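Working notes, beginning with the structure itself.
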Amino acid sequence: MNPASPTDLVVRDALPLPVRLWPLAGWGLFLLAALPSCRWYLHRISDQSDEPLGLLALLVFTGLVWTRRRDIQWDSSLLIRGSGLLLAWTWAGNFTYPMVMAAGVLAVLLSSMQLREGKSGLAALLLLSLPLMASLDFYAGSPMRLAAAEIARVTLSTLGLTVTRAGTLLMDGDRIVGVDPPCSGVRMLWTTWFVAATLASLRRLRLPGTLLLVAVATILVTAGNSLRATILFFPESGRAHWPQVAHEGVGLACQALVLAGVYFMAGRIGDGYRTGRPSHSHAWMAALAPCFIALALLWHFLPSPPSHSQAFVWPATWDGVPLRPVELSEREVQFARSFPGQLGRFQCGETEIILRHVTQPTRLLHSSADCLRASGYEVHPKPAWQDVDGRVWGCYEARHRGQSYRVRERITNSSQSHSHTDVSSWYWSAVWNPESGPWLAVTMIETIPSR
(Lines give C-alpha, C1' and ligand atoms only; values in the text may rest on other atoms or scores of the structure.)
Protein backbone atom coordinates (compact mmCIF):
# COMPACT_ATOMS: atom_id res chain seq x y z
CA MET A 1 0.00 0.00 0.00
CA ASN A 2 1.49 3.36 -1.08
CA PRO A 3 1.79 5.98 1.66
CA ALA A 4 -0.36 9.05 1.27
CA SER A 5 1.38 11.99 -0.36
CA PRO A 6 1.65 15.36 1.44
CA THR A 7 -0.86 16.80 -1.03
CA ASP A 8 -3.40 14.06 -0.15
CA LEU A 9 -2.96 14.77 3.54
CA VAL A 10 -3.47 18.50 3.01
CA VAL A 11 -6.63 17.92 0.93
CA ARG A 12 -8.01 15.39 3.43
CA ASP A 13 -7.41 17.73 6.39
CA ALA A 14 -8.94 20.61 4.43
CA LEU A 15 -12.30 18.81 4.00
CA PRO A 16 -15.12 20.48 5.95
CA LEU A 17 -16.27 18.55 9.00
CA PRO A 18 -19.80 17.92 7.63
CA VAL A 19 -18.33 16.37 4.46
CA ARG A 20 -15.98 14.19 6.48
CA LEU A 21 -18.94 12.99 8.58
CA TRP A 22 -21.00 12.24 5.46
CA PRO A 23 -20.18 8.47 5.45
CA LEU A 24 -20.96 8.21 9.17
CA ALA A 25 -24.30 9.93 8.62
CA GLY A 26 -25.08 7.63 5.70
CA TRP A 27 -24.44 4.45 7.66
CA GLY A 28 -26.27 5.79 10.70
CA LEU A 29 -29.37 6.60 8.64
CA PHE A 30 -29.17 3.23 6.89
CA LEU A 31 -29.01 1.34 10.18
CA LEU A 32 -32.01 3.30 11.44
CA ALA A 33 -33.98 2.49 8.28
CA ALA A 34 -32.93 -1.16 8.36
CA LEU A 35 -33.74 -1.70 12.05
CA PRO A 36 -37.37 -2.92 11.53
CA SER A 37 -36.20 -5.36 8.85
CA CYS A 38 -33.38 -6.61 11.07
CA ARG A 39 -35.79 -7.26 13.92
CA TRP A 40 -38.17 -9.11 11.58
CA TYR A 41 -35.28 -11.10 10.09
CA LEU A 42 -33.98 -12.25 13.46
CA HIS A 43 -37.47 -13.26 14.54
CA ARG A 44 -38.15 -15.09 11.28
CA ILE A 45 -34.98 -17.19 11.33
CA SER A 46 -35.35 -18.02 15.04
CA ASP A 47 -39.04 -19.01 15.24
CA GLN A 48 -38.47 -22.16 13.11
CA SER A 49 -41.28 -21.25 10.69
CA ASP A 50 -38.58 -21.09 8.01
CA GLU A 51 -35.23 -22.78 7.57
CA PRO A 52 -32.36 -20.42 8.51
CA LEU A 53 -30.41 -21.17 5.33
CA GLY A 54 -30.24 -17.46 4.57
CA LEU A 55 -27.67 -17.07 7.34
CA LEU A 56 -25.25 -19.18 5.32
CA ALA A 57 -25.65 -16.92 2.28
CA LEU A 58 -25.28 -13.82 4.47
CA LEU A 59 -22.12 -15.23 6.07
CA VAL A 60 -20.56 -15.99 2.67
CA PHE A 61 -21.55 -12.52 1.39
CA THR A 62 -19.90 -10.90 4.41
CA GLY A 63 -16.74 -12.94 3.95
CA LEU A 64 -16.47 -12.09 0.25
CA VAL A 65 -17.05 -8.39 0.91
CA TRP A 66 -14.34 -8.44 3.59
CA THR A 67 -11.81 -10.10 1.29
CA ARG A 68 -12.53 -7.50 -1.42
CA ARG A 69 -12.84 -4.51 0.91
CA ARG A 70 -10.00 -2.67 -0.85
CA ASP A 71 -11.87 -2.87 -4.17
CA ILE A 72 -15.20 -1.66 -2.75
CA GLN A 73 -16.18 1.96 -2.27
CA TRP A 74 -19.43 3.06 -0.64
CA ASP A 75 -21.43 5.96 -2.05
CA SER A 76 -22.69 7.85 0.98
CA SER A 77 -25.08 10.03 -0.99
CA LEU A 78 -26.87 6.98 -2.42
CA LEU A 79 -26.92 5.40 1.03
CA ILE A 80 -28.58 8.50 2.51
CA ARG A 81 -31.12 8.87 -0.30
CA GLY A 82 -32.01 5.18 -0.28
CA SER A 83 -32.32 5.15 3.51
CA GLY A 84 -34.63 8.14 3.33
CA LEU A 85 -36.85 6.26 0.89
CA LEU A 86 -36.88 3.25 3.21
CA LEU A 87 -37.94 5.40 6.16
CA ALA A 88 -40.71 6.98 4.08
CA TRP A 89 -41.79 3.53 2.92
CA THR A 90 -41.92 2.25 6.49
CA TRP A 91 -44.08 5.18 7.51
CA ALA A 92 -46.40 4.97 4.50
CA GLY A 93 -46.79 1.19 4.40
CA ASN A 94 -46.63 0.66 8.17
CA PHE A 95 -44.25 -2.25 7.50
CA THR A 96 -47.09 -4.28 5.98
CA TYR A 97 -44.86 -6.34 3.67
CA PRO A 98 -41.73 -7.24 5.67
CA MET A 99 -40.19 -9.48 2.99
CA VAL A 100 -40.48 -6.74 0.36
CA MET A 101 -39.18 -4.21 2.86
CA ALA A 102 -36.15 -6.40 3.61
CA ALA A 103 -35.50 -6.72 -0.12
CA GLY A 104 -35.58 -2.91 -0.32
CA VAL A 105 -32.95 -2.70 2.42
CA LEU A 106 -30.70 -5.05 0.47
CA ALA A 107 -31.30 -3.06 -2.73
CA VAL A 108 -30.19 0.17 -1.05
CA LEU A 109 -27.10 -1.54 0.36
CA LEU A 110 -26.24 -2.98 -3.04
CA SER A 111 -26.81 0.28 -4.92
CA SER A 112 -24.36 2.14 -2.69
CA MET A 113 -21.66 -0.50 -3.24
CA GLN A 114 -19.23 0.62 -5.95
CA LEU A 115 -17.51 -2.46 -7.33
CA ARG A 116 -16.06 -3.06 -10.78
CA GLU A 117 -16.39 -6.86 -11.02
CA GLY A 118 -18.41 -9.62 -9.39
CA LYS A 119 -21.21 -7.45 -8.04
CA SER A 120 -24.00 -9.58 -9.55
CA GLY A 121 -22.86 -12.67 -7.63
CA LEU A 122 -22.87 -10.71 -4.39
CA ALA A 123 -26.36 -9.45 -5.24
CA ALA A 124 -27.55 -13.04 -5.72
CA LEU A 125 -26.10 -14.02 -2.33
CA LEU A 126 -27.89 -11.09 -0.71
CA LEU A 127 -31.17 -12.19 -2.25
CA LEU A 128 -30.66 -15.74 -1.01
CA SER A 129 -29.96 -14.42 2.49
CA LEU A 130 -33.67 -13.64 2.82
CA PRO A 131 -35.86 -16.32 4.49
CA LEU A 132 -37.17 -17.74 1.23
CA MET A 133 -37.67 -21.45 1.91
CA ALA A 134 -41.29 -21.27 3.11
CA SER A 135 -42.23 -19.05 0.17
CA LEU A 136 -40.39 -21.31 -2.28
CA ASP A 137 -42.24 -24.30 -0.85
CA PHE A 138 -45.54 -22.49 -1.24
CA TYR A 139 -45.11 -21.06 -4.74
CA ALA A 140 -42.64 -23.42 -6.43
CA GLY A 141 -43.35 -26.69 -4.64
CA SER A 142 -46.32 -27.82 -6.74
CA PRO A 143 -44.90 -26.79 -10.17
CA MET A 144 -41.61 -28.54 -9.41
CA ARG A 145 -43.43 -31.70 -8.31
CA LEU A 146 -45.50 -31.67 -11.49
CA ALA A 147 -42.37 -31.26 -13.63
CA ALA A 148 -40.58 -34.09 -11.81
CA ALA A 149 -43.61 -36.40 -12.13
CA GLU A 150 -44.08 -35.72 -15.86
CA ILE A 151 -40.40 -36.12 -16.76
CA ALA A 152 -40.25 -39.30 -14.67
CA ARG A 153 -43.34 -40.64 -16.49
CA VAL A 154 -41.77 -39.97 -19.89
CA THR A 155 -38.49 -41.55 -18.81
CA LEU A 156 -40.19 -44.64 -17.38
CA SER A 157 -42.33 -45.00 -20.51
CA THR A 158 -39.15 -44.84 -22.60
CA LEU A 159 -37.79 -47.70 -20.51
CA GLY A 160 -40.81 -49.77 -21.49
CA LEU A 161 -43.01 -49.32 -18.40
CA THR A 162 -46.68 -48.47 -18.78
CA VAL A 163 -46.90 -45.57 -16.35
CA THR A 164 -49.57 -42.88 -16.27
CA ARG A 165 -49.71 -39.67 -14.31
CA ALA A 166 -52.55 -38.05 -12.36
CA GLY A 167 -51.33 -34.77 -10.94
CA THR A 168 -48.19 -35.65 -9.02
CA LEU A 169 -49.11 -39.35 -8.75
CA LEU A 170 -47.43 -41.97 -10.93
CA MET A 171 -49.58 -45.07 -11.52
CA ASP A 172 -48.21 -48.41 -12.65
CA GLY A 173 -51.24 -50.67 -12.71
CA ASP A 174 -52.55 -50.83 -9.17
CA ARG A 175 -49.29 -49.43 -7.80
CA ILE A 176 -49.35 -45.70 -7.02
CA VAL A 177 -46.25 -43.63 -6.25
CA GLY A 178 -46.64 -39.99 -5.26
CA VAL A 179 -44.10 -37.21 -5.70
CA ASP A 180 -44.81 -35.80 -2.24
CA PRO A 181 -44.08 -32.22 -1.05
CA PRO A 182 -40.78 -33.25 0.66
CA CYS A 183 -39.62 -34.49 -2.78
CA SER A 184 -40.41 -31.25 -4.61
CA GLY A 185 -36.70 -30.38 -4.93
CA VAL A 186 -37.07 -26.92 -3.40
CA ARG A 187 -34.12 -27.43 -1.04
CA MET A 188 -32.03 -28.76 -3.90
CA LEU A 189 -32.97 -25.62 -5.83
CA TRP A 190 -31.89 -23.26 -3.02
CA THR A 191 -28.61 -25.13 -2.47
CA THR A 192 -27.79 -25.06 -6.18
CA TRP A 193 -28.63 -21.36 -6.48
CA PHE A 194 -26.38 -20.68 -3.49
CA VAL A 195 -23.45 -22.52 -5.07
CA ALA A 196 -24.06 -20.76 -8.40
CA ALA A 197 -24.13 -17.33 -6.72
CA THR A 198 -20.93 -18.08 -4.81
CA LEU A 199 -19.14 -19.26 -7.98
CA ALA A 200 -20.37 -16.19 -9.89
CA SER A 201 -18.91 -13.94 -7.21
CA LEU A 202 -15.61 -15.83 -6.98
CA ARG A 203 -15.21 -15.78 -10.76
CA ARG A 204 -16.36 -12.14 -10.86
CA LEU A 205 -18.98 -12.70 -13.53
CA ARG A 206 -20.96 -9.84 -14.95
CA LEU A 207 -24.75 -9.80 -14.72
CA PRO A 208 -25.37 -11.74 -17.99
CA GLY A 209 -22.95 -14.45 -16.89
CA THR A 210 -24.55 -14.72 -13.46
CA LEU A 211 -28.05 -14.93 -14.94
CA LEU A 212 -26.85 -17.59 -17.38
CA LEU A 213 -25.31 -19.64 -14.57
CA VAL A 214 -28.46 -19.37 -12.42
CA ALA A 215 -30.62 -20.40 -15.39
CA VAL A 216 -28.40 -23.42 -16.04
CA ALA A 217 -28.55 -24.28 -12.34
CA THR A 218 -32.37 -24.20 -12.43
CA ILE A 219 -32.49 -26.49 -15.46
CA LEU A 220 -30.03 -28.90 -13.85
CA VAL A 221 -32.11 -28.99 -10.64
CA THR A 222 -35.23 -29.85 -12.65
CA ALA A 223 -33.36 -32.65 -14.40
CA GLY A 224 -31.72 -33.88 -11.19
CA ASN A 225 -34.97 -33.93 -9.22
CA SER A 226 -36.69 -35.77 -12.08
CA LEU A 227 -33.86 -38.30 -12.10
CA ARG A 228 -34.35 -38.81 -8.36
CA ALA A 229 -38.11 -39.36 -8.83
CA THR A 230 -37.44 -41.82 -11.67
CA ILE A 231 -34.95 -43.91 -9.69
CA LEU A 232 -37.05 -43.93 -6.51
CA PHE A 233 -40.11 -45.06 -8.46
CA PHE A 234 -38.71 -48.61 -8.52
CA PRO A 235 -38.44 -49.18 -4.74
CA GLU A 236 -41.55 -47.11 -3.97
CA SER A 237 -43.65 -49.13 -6.43
CA GLY A 238 -42.33 -52.46 -5.18
CA ARG A 239 -40.47 -53.30 -8.39
CA ALA A 240 -37.21 -53.28 -6.44
CA HIS A 241 -36.39 -53.78 -2.78
CA TRP A 242 -33.79 -51.37 -1.43
CA PRO A 243 -32.92 -50.45 2.15
CA GLN A 244 -34.50 -47.27 3.48
CA VAL A 245 -31.12 -45.50 3.49
CA ALA A 246 -31.11 -45.74 -0.31
CA HIS A 247 -33.80 -43.02 -0.46
CA GLU A 248 -31.49 -40.45 1.12
CA GLY A 249 -28.51 -41.80 -0.81
CA VAL A 250 -30.21 -41.32 -4.17
CA GLY A 251 -31.14 -37.74 -3.22
CA LEU A 252 -27.57 -36.91 -2.20
CA ALA A 253 -26.16 -38.48 -5.36
CA CYS A 254 -28.51 -36.46 -7.59
CA GLN A 255 -27.64 -33.28 -5.69
CA ALA A 256 -23.93 -34.00 -6.17
CA LEU A 257 -24.44 -34.49 -9.91
CA VAL A 258 -26.30 -31.19 -10.15
CA LEU A 259 -23.60 -29.28 -8.25
CA ALA A 260 -20.89 -30.88 -10.40
CA GLY A 261 -22.76 -29.67 -13.48
CA VAL A 262 -22.99 -26.13 -12.10
CA TYR A 263 -19.28 -26.11 -11.28
CA PHE A 264 -18.46 -27.35 -14.78
CA MET A 265 -20.64 -24.70 -16.43
CA ALA A 266 -19.21 -21.93 -14.25
CA GLY A 267 -15.78 -22.75 -15.63
CA ARG A 268 -17.06 -22.76 -19.22
CA ILE A 269 -18.75 -19.37 -19.26
CA GLY A 270 -16.87 -17.19 -21.75
CA ASP A 271 -14.42 -14.44 -20.94
CA GLY A 272 -16.92 -11.89 -22.22
CA TYR A 273 -18.96 -12.45 -19.09
CA ARG A 274 -15.96 -11.71 -16.87
CA THR A 275 -14.99 -8.30 -18.22
CA GLY A 276 -16.33 -5.95 -15.62
CA ARG A 277 -17.51 -2.41 -16.11
CA PRO A 278 -17.95 0.31 -13.53
CA SER A 279 -21.47 0.16 -12.10
CA HIS A 280 -23.75 3.09 -12.76
CA SER A 281 -25.41 3.14 -9.37
CA HIS A 282 -26.45 6.78 -9.67
CA ALA A 283 -28.59 5.99 -12.70
CA TRP A 284 -29.79 2.78 -11.05
CA MET A 285 -30.90 4.58 -7.91
CA ALA A 286 -32.54 7.29 -9.98
CA ALA A 287 -34.67 4.62 -11.62
CA LEU A 288 -35.31 2.86 -8.32
CA ALA A 289 -36.44 5.93 -6.38
CA PRO A 290 -39.76 6.46 -8.24
CA CYS A 291 -40.57 2.77 -7.77
CA PHE A 292 -40.05 3.01 -4.00
CA ILE A 293 -42.18 6.13 -3.77
CA ALA A 294 -44.94 4.68 -5.95
CA LEU A 295 -45.11 1.49 -3.91
CA ALA A 296 -45.15 3.41 -0.65
CA LEU A 297 -48.00 5.66 -1.80
CA LEU A 298 -49.89 2.73 -3.31
CA TRP A 299 -49.82 0.65 -0.11
CA HIS A 300 -50.64 3.68 2.03
CA PHE A 301 -53.63 5.01 0.13
CA LEU A 302 -55.22 1.85 -1.27
CA PRO A 303 -58.38 0.94 0.64
CA SER A 304 -58.38 -2.07 2.91
CA PRO A 305 -59.68 -5.35 1.48
CA PRO A 306 -63.46 -5.46 1.67
CA SER A 307 -64.88 -7.39 4.56
CA HIS A 308 -66.99 -10.41 3.77
CA SER A 309 -70.55 -9.50 4.71
CA GLN A 310 -71.89 -13.06 4.47
CA ALA A 311 -70.34 -15.12 7.25
CA PHE A 312 -69.66 -18.78 6.64
CA VAL A 313 -71.66 -21.10 8.90
CA TRP A 314 -69.44 -23.74 10.42
CA PRO A 315 -70.71 -27.33 10.26
CA ALA A 316 -72.29 -28.68 13.45
CA THR A 317 -70.80 -32.15 13.04
CA TRP A 318 -67.86 -33.83 11.36
CA ASP A 319 -68.34 -37.40 10.14
CA GLY A 320 -71.34 -37.61 12.44
CA VAL A 321 -69.48 -36.43 15.55
CA PRO A 322 -70.56 -33.06 17.06
CA LEU A 323 -68.10 -30.19 16.78
CA ARG A 324 -67.51 -28.20 19.96
CA PRO A 325 -66.08 -24.69 19.31
CA VAL A 326 -62.80 -23.84 21.04
CA GLU A 327 -61.83 -20.25 21.79
CA LEU A 328 -59.08 -18.91 19.54
CA SER A 329 -55.81 -17.84 21.08
CA GLU A 330 -54.76 -14.19 21.03
CA ARG A 331 -52.27 -14.91 18.26
CA GLU A 332 -54.96 -16.66 16.18
CA VAL A 333 -57.37 -13.75 16.66
CA GLN A 334 -54.72 -11.32 15.45
CA PHE A 335 -53.99 -13.52 12.43
CA ALA A 336 -57.70 -13.84 11.59
CA ARG A 337 -58.03 -10.05 11.22
CA SER A 338 -55.99 -10.11 7.99
CA PHE A 339 -57.13 -13.55 6.80
CA PRO A 340 -59.37 -13.45 3.68
CA GLY A 341 -62.03 -15.66 5.19
CA GLN A 342 -62.74 -17.22 8.57
CA LEU A 343 -60.82 -19.31 11.06
CA GLY A 344 -62.27 -21.71 13.61
CA ARG A 345 -61.03 -24.31 16.10
CA PHE A 346 -63.15 -27.22 17.26
CA GLN A 347 -62.97 -30.33 19.39
CA CYS A 348 -64.36 -33.45 17.72
CA GLY A 349 -64.25 -36.23 20.25
CA GLU A 350 -60.55 -36.80 20.96
CA THR A 351 -59.51 -34.99 17.78
CA GLU A 352 -58.83 -31.28 17.41
CA ILE A 353 -60.02 -29.82 14.11
CA ILE A 354 -58.94 -26.47 12.64
CA LEU A 355 -61.18 -25.14 9.86
CA ARG A 356 -60.15 -22.30 7.57
CA HIS A 357 -62.74 -20.98 5.13
CA VAL A 358 -60.95 -18.92 2.46
CA THR A 359 -62.48 -16.88 -0.34
CA GLN A 360 -59.48 -16.12 -2.57
CA PRO A 361 -55.99 -17.44 -3.40
CA THR A 362 -53.70 -16.23 -0.63
CA ARG A 363 -50.29 -16.94 0.87
CA LEU A 364 -51.95 -16.69 4.30
CA LEU A 365 -53.43 -20.16 3.83
CA HIS A 366 -50.20 -21.88 4.75
CA SER A 367 -49.59 -25.38 6.01
CA SER A 368 -50.20 -25.90 9.71
CA ALA A 369 -46.71 -27.44 9.78
CA ASP A 370 -45.29 -23.89 9.58
CA CYS A 371 -47.21 -22.86 12.70
CA LEU A 372 -46.23 -25.99 14.58
CA ARG A 373 -42.55 -25.55 13.74
CA ALA A 374 -42.78 -21.94 14.90
CA SER A 375 -44.18 -23.24 18.21
CA GLY A 376 -41.25 -25.60 18.75
CA TYR A 377 -42.65 -28.83 17.28
CA GLU A 378 -40.58 -31.31 15.30
CA VAL A 379 -42.37 -32.08 12.04
CA HIS A 380 -41.79 -35.32 10.11
CA PRO A 381 -43.60 -35.82 6.76
CA LYS A 382 -45.53 -39.05 6.26
CA PRO A 383 -47.07 -40.67 3.14
CA ALA A 384 -50.51 -39.51 2.04
CA TRP A 385 -53.31 -41.12 4.06
CA GLN A 386 -56.68 -42.37 2.77
CA ASP A 387 -59.63 -42.62 5.17
CA VAL A 388 -62.52 -45.09 5.09
CA ASP A 389 -64.54 -42.74 2.86
CA GLY A 390 -61.79 -42.70 0.23
CA ARG A 391 -60.67 -39.14 1.00
CA VAL A 392 -56.92 -38.55 0.59
CA TRP A 393 -55.13 -36.42 3.21
CA GLY A 394 -51.69 -34.96 3.47
CA CYS A 395 -50.14 -36.39 6.61
CA TYR A 396 -47.21 -35.70 8.93
CA GLU A 397 -46.21 -36.37 12.51
CA ALA A 398 -45.48 -33.59 15.00
CA ARG A 399 -43.57 -34.08 18.25
CA HIS A 400 -43.27 -31.80 21.23
CA ARG A 401 -42.06 -32.48 24.77
CA GLY A 402 -42.18 -36.24 24.35
CA GLN A 403 -45.71 -36.30 22.91
CA SER A 404 -46.46 -37.21 19.29
CA TYR A 405 -49.40 -36.06 17.17
CA ARG A 406 -50.74 -37.25 13.83
CA VAL A 407 -51.70 -34.27 11.66
CA ARG A 408 -53.82 -34.57 8.52
CA GLU A 409 -54.63 -31.77 6.08
CA ARG A 410 -57.01 -31.44 3.15
CA ILE A 411 -58.40 -28.53 1.11
CA THR A 412 -61.65 -28.84 -0.86
CA ASN A 413 -63.61 -26.43 -3.04
CA SER A 414 -67.20 -25.41 -2.43
CA SER A 415 -68.68 -28.19 -4.59
CA GLN A 416 -66.41 -30.89 -3.09
CA SER A 417 -65.39 -31.77 -6.67
CA HIS A 418 -61.67 -31.09 -6.19
CA SER A 419 -59.37 -31.59 -3.23
CA HIS A 420 -55.72 -30.91 -2.48
CA THR A 421 -53.37 -32.30 0.13
CA ASP A 422 -50.89 -29.40 0.12
CA VAL A 423 -51.27 -25.63 -0.05
CA SER A 424 -48.94 -25.16 -3.05
CA SER A 425 -51.08 -27.24 -5.43
CA TRP A 426 -54.24 -25.62 -4.01
CA TYR A 427 -52.86 -22.12 -4.56
CA TRP A 428 -52.07 -22.59 -8.24
CA SER A 429 -55.38 -24.34 -8.84
CA ALA A 430 -57.20 -21.46 -7.13
CA VAL A 431 -55.26 -18.87 -9.16
CA TRP A 432 -56.20 -20.51 -12.46
CA ASN A 433 -59.76 -21.40 -11.38
CA PRO A 434 -60.92 -18.67 -8.95
CA GLU A 435 -64.54 -19.43 -9.74
CA SER A 436 -64.18 -22.82 -8.01
CA GLY A 437 -64.02 -21.14 -4.60
CA PRO A 438 -64.57 -20.56 -1.78
CA TRP A 439 -62.50 -23.32 -0.21
CA LEU A 440 -62.40 -25.10 3.12
CA ALA A 441 -59.07 -26.19 4.60
CA VAL A 442 -59.35 -28.90 7.24
CA THR A 443 -56.57 -29.77 9.69
CA MET A 444 -57.11 -32.73 12.04
CA ILE A 445 -54.75 -33.25 14.98
CA GLU A 446 -54.83 -36.54 16.85
CA THR A 447 -52.73 -37.55 19.84
CA ILE A 448 -50.66 -40.68 19.27
CA PRO A 449 -50.73 -42.81 22.44
CA SER A 450 -47.33 -43.27 24.04
CA ARG A 451 -45.98 -46.79 23.88
State all residues of the stretch 391-401 that are touching a residue at least 24 places away in the same chain (Cβ under 8 Å) and part of a loop (DSSP other than H, G, I, E, B); if no residue qualifies, say none. Arg391
Given the condition under 21 Å from Leu169 (Cβ atoms), touching a helix residue (DSSP H, G or I) at 6+ places or on another chain (Cβ under 6 Å), surrounded by 16 or more Cβ atoms within 10 Å (Cβ to Cβ) and without any contact (Cβ under 8 Å) to a residue 40 or more places away in the chain, answer yes or no: does some residue in the stretch 365-372 qualify? no
Answer with yes or no whether Gly63 is without any contact (Cβ under 8 Å) to a residue 24 or more places away in the chain, in the same structural domain as Gly28 (by TED's automatic domain parsing) and part of a helix (DSSP H, G or I). yes
If Ser76 passes every condition in (1) over 30 Å from Arg203 (Cβ atoms); (2) in the same structural domain as Ser46 (by TED's automatic domain parsing); (3) of a type outside the set (A, V, I, L, M, F, W, C) but one, which one does it miss? (1)
When the residues of the stretch 347-390 are narrowed to those that are of a type in the set (D, E, K, R) and part of a loop (DSSP other than H, G, I, E, B), which ends up farthest from Arg401 (Cα to Cα)? Asp389
Are there any pairs with C-beta distances below 9 angstrom linking a residue in the stretch 315-340 that is modelled with pLDDT of 80 or more to a residue that is among the acidic types (Asp, Glu) and not in a loop (DSSP other than H, G, I, E, B), with the two at least 6 apart or on different chains, and if so which? Val326/Glu352
Search the stretch 126-185 for residues being part of a helix (DSSP H, G or I) and charged (D, E, K, R), and hand back the single one that is modelled with the lowest pLDDT. Asp137
Given the conditions (1) assigned to a loop (DSSP other than H, G, I, E, B); (2) in contact (Cβ under 8 Å) with a residue 40 or more places away in the chain; (3) aromatic (Phe, Trp, Tyr), report the number of the one that Trp242 does not fulfil. (2)
Output the residue which, of all residues in the stretch 323-346 that are in a helix (DSSP H, G or I) and not aromatic (Phe, Trp, Tyr), is nearest to Leu42 (Cα to Cα). Arg331
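Okay, residues lined up against (1) out of contact with any Cys (no Cβ under 7 Å at 6 or more places or on another chain); (2) free of Cβ contacts under 8 Å to residues at least 12 places away in the same chain; (3) surrounded by fewer than 23 Cβ atoms within 10 Å (Cβ to Cβ):
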| position | (1), (2), (3) |
| --- | --- |
| Leu136 | yes, no, yes |
| Tyr139 | yes, no, yes |
| Met144 | yes, no, no |
| Ala147 | yes, no, yes |
| Ala152 | yes, no, no |
| Asp174 | yes, yes, yes |
| Gly185 | yes, no, no |
| Phe194 | yes, no, yes |
Test set (1) at pLDDT 85 or above; (2) surrounded by fewer than 16 Cβ atoms within 10 Å (Cβ to Cβ); (3) not aliphatic (A, V, I, L, M) - Gly390 fails condition number: (1)
Residue pairs qualifying under the 7 Å Cβ cut-off, at least six apart or on distinct chains, with the first in the stretch 20-37 being modelled with pLDDT under 75 and the second being surrounded by 14 or more Cβ atoms within 10 Å (Cβ to Cβ) and assigned to a helix (DSSP H, G or I), are Trp22/Ser76; Pro23/Ser76
Got a number for residues in the stretch 376-388 being in contact (Cβ under 8 Å) with a residue 40 or more places away in the chain and at negative phi? 3
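The values are calculated or read from the model by the stated rules, or taken from the named source; none is laboratory data. Given the structure is predicted, the values throughout are model-derived calculations rather than measurements. Every residue, glycine among them, receives a Cβ derived from its backbone with ideal geometry; neighbour counts consider all protein chains shown.
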